[in-house]
Amino acid sequence: MVPVHAAADSARPGAAGRIPEPAVTARSRDSEYGYGWQIRPPTTRLLVMRVRMTIVLAVVGLSGLLTSGCSYRENICGDGEYPVIAVGGQGGSACIPDGEEPTAPYTRYPEGKVPKHVDDEWDVYWRTHGIDANGAIVETP
């Protein structure tokens, strides 16, 4: 151990040509981050934040894909259009702009039986049914 007066002498400029050592306290020497850091070094802190944010964004993105992938439903017609069905046993459908009346061989679906989305109840129903020339619903082969 160095005597107190010797440490004080070595701190003076020109004292035996030695450069004084920085004071090392028990707190800085035993720092949990090493190298005398009292707080986490900035580069490490930023790296940890980036890794955490990447993980969080990945989890949010994947959960969004998994939950929304099953709930997407495609519309039968686009905006500003409505579906019509072909008259006759062969069936078929088309989309007509709103405000226009369907032309032959198409007619409107019966009220309350209009398909809105692909594979909904009425879309599936009209795959095996049609409308005859008198407007009656008939089964198709």
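The values are calculated or read from the model by the stated rules, or taken from the named source; none is laboratory data. Nothing here was measured: the structure is a model prediction, and the numbers come from that model. Cβ: placed from backbone, ideal geometry, glycine included. Neighbour counts: every protein chain shown. Surface areas here come from the heavy atoms of the whole protein model, side chains and all, with no ligands, DNA or RNA. Shrake-Rupley method; radii C 1.70, N 1.55, O 1.52, S 1.80 Å.
If only residues of segment 26-78 that are open to solvent by 80 Å² or more (accessible area, probe 1.4 Å), in a helix (DSSP H, G or I) and among the hydroxyl-bearing types (Ser, Thr, Tyr) are counted, the one that is modelled with the highest pLDDT is THR54.
Of all residues in segment 110-131, those that are closer than 19 Å to ASP79 by Cα and acidic (Asp, Glu) have Cβ atoms under 7 Å from Cβ atoms of residues that are part of a loop (DSSP other than H, G, I, E, B) and open to solvent by less than 40 Å² (accessible area, probe 1.4 Å), 6 or more apart or on another chain, in ASP123/PRO115. Identification of strands (runs of 3 or more DSSP E) wholly contained in segment 80-141 with 1 or more residues that are open to solvent by 70 Å² or more (accessible area, probe 1.4 Å) yields 81-86, 93-97, 106-108, 137-139.
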